[in-house]
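Some notes on the structure that comes next.
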Amino acid sequence: MLTLILVILAAVIFEYSNGFHDAANAIATVVSTRVLTPRQAIAMAAFFNLTGALFGGAVAATIGKGLVDTEVVTMTTVLSAVLAAFGWNIATWWLGLPSSSSHALIGGLCGAALAAAKNDWSVIKWNEGVWPKVVLPMIASPVAGFVFGAIFMFLLLIAVHRFTPHFVQSLFGKLQIFSAAWMAHSHGTNDAQKTMGIITLALFTGTKAGSFDHWPRWLDFLKTPSFVLPKWVIALCAVTMAAGTAAGGWRIIRTLGHRVVKLQPVHGFAAETTAALIIQVASYYGIPLSTTHVISTSIMGVGAVKRFSGIRWTVVERIVWAWVFTLPATALIGYALERALGTR
């Protein structure tokens, strides 16, 4: 029982850190363009992260049973994965780098599962899970964010070139509120689902192993004989994600909103709309996308249309290195933790 409590506690803490770590994904542009104050933007993002987290389940299923063989997973494996992801989240947050919480959790889970299987690589579902739903989207989604962000921005500039700057500023100042809300909602539909999947995996593993058989009857709600998201897990993760978002992630907000490129409301609207659409499509197909990758490259694409030389490429380089190292670093941490904590 202690291990399960530790798993759920660690997952909730991770979800909270995911909220403040990824707060910038939804609100960096709307803050940098001064359409909303930081407090207003965070309150809005917290609410729409909550609404997004309450919908869907395809991403949770991918995380929980689509990446590794559940036969080798134990409570300790899940705990090691969450701890690895949480440690990486805190490290990159401290450095102000918008890395991927999604890839941190996936890397931690794959590394821990590999250790639990005593280095049997076949436990990782490469062909049906990791490759099509993690690696390919990790490459394609940033490219899509940059390209579609640039195209959308270009089309918007053509559409508004006859209007006065004051009118454009006023119009997109209002529209950006809606695009930021959609971005926050999309983030909730994708990112919050990952922790739901990892908690459900722990419950499913415990039920299958008979860990709950001798527990008091009032704890029967923990039994999960088939991989179906319990309603209490959905509610817990949704509220925790919203609370974390409400705490804000000022270091990363400054990086995305101010240091990459200087934005105006029309640019913020283009970046948020592009990113939200890509994330929403990915969520529908159960792809645990990096919302950080998508919004970051959407901002870059929009900024490139504005002025290519205006993008601060030294900052972009730091962000890219954080992306590159996330999966292997968290896999190594998850592997080491499972070896240290595992009993097999």
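The values are calculated or read from the model by the stated rules, or taken from the named source; none is laboratory data. All figures in this text were calculated on a predicted structure; none of them were measured in a lab. Don't worry about glycine lacking a Cβ; one is built from the backbone with ideal geometry, like all the others, and counts go over all protein chains shown. Accessible surface areas use protein heavy atoms only, side chains included; no ligands, DNA or RNA. Shrake-Rupley method; radii C 1.70, N 1.55, O 1.52, S 1.80 Å.
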Margin query: Through the Karplus equation 6.51 cos²θ - 1.76 cosθ + 1.60, θ set to phi - 60°, convert the phi angles of region 50-56 into ³J(HN,Hα) values in whole Hz; use x for Gly and Pro.
Written below: 5, 5, x, 5, 7, 10, x
Note to self: For a quick check of understanding: with a 1.4 angstrom probe and all protein chains in place, what accessible area in square angstrom does V320 have, to the nearest ten?
What the structure shows: 60
Item checked: Cut-off under 5 Å, modelled amide H: who pairs with T224 long-range -> T207
Next item on the list: Please report the Cα spread of region 1-140 along all three principal axes, rounded to whole Å, starting with the longest.
Entry: 52, 38, 32
Check: Using alpha-carbon pairs under 8 Å, 6+ residues apart, how would you state the relative contact order of the chain in percent?
Finding: 39
Check: Roughly how many nanometres apart are two label points built 7 Å out from the Cα toward the Cβ at K174 and R39?
Finding: 2.6
Notebook entry, point to check: In sequence order, what are the phi-derived ³J(HN,Hα) couplings for region 132-141 according to the Karplus relation 6.51 cos²θ - 1.76 cosθ + 1.60 with θ = phi - 60°, rounded to whole Hz, with x for glycine and proline?
Noted result: x, 10, 10, 5, 4, x, 4, 8, 6, 5
Next item on the list: Would you mind telling me the share, in percent, of accessible area of the chain contributed by carbon and sulfur at probe 1.4 angstrom?
Entry: 70
Item checked: Per-q log10 I(q)/I(0), the chain, q = 0.06, 0.09, 0.16 Å⁻¹ (Debye; single scatterer per alpha-carbon; no solvent) -> -0.21, -0.45, -1.26
Item checked: V68 long-range amide H proximity, modeled H, under 5 Å -> K125
Notebook entry, point to check: Sorted by average packing, counted as other Cβ atoms within 10 angstrom per residue and highest first, what order do 218-225, 103-110, 298-305, 271-278 take?
Noted result: 103-110, 271-278, 298-305, 218-225
Margin query: On C-alpha positions alone, give me the angle between the axis of helix 231-247 and the longest principal axis of the chain, in degrees, nearest 10.
Written below: 40
Notebook entry, point to check: How do V147, V239, V68 stack up against each other in accessible area, from largest to smallest, with a 1.4 angstrom probe?
Noted result: V239, V147, V68
Margin query: Can you tell me the orientation of helix 313-341 relative to the chain, as the angle in degrees between its alpha-carbon axis and the longest Cα principal axis, to the nearest 10?
Written below: 10
Margin query: In Å², and per residue, what accessible area does the chain have when probed at 1.4 Å with the other protein chains present?
Written below: 42
Check: Ranked from highest to lowest mean number of other Cβ atoms within 10 Å per residue, what is the order of the peptides 168-178, 80-90?
Finding: 80-90, 168-178
Next item on the list: Please state, rounded to one decimal and in Å, the Kirkwood hydrodynamic radius that region 79-136 gives when every pair of distinct Cα atoms enters the mean of 1/r.
Entry: 12.1
Next item on the list: Can you tell me the relative contact order of region 1-156? Whole percent, Cα pairs under 8 Å, sequence separation 6 or more.
Entry: 27
Next item on the list: Measure nothing fancy, just the Cα-based angle from helix 2-21's long axis to the longest principal axis of the chain, in degrees from 0 to 90, nearest 10.
Entry: 10
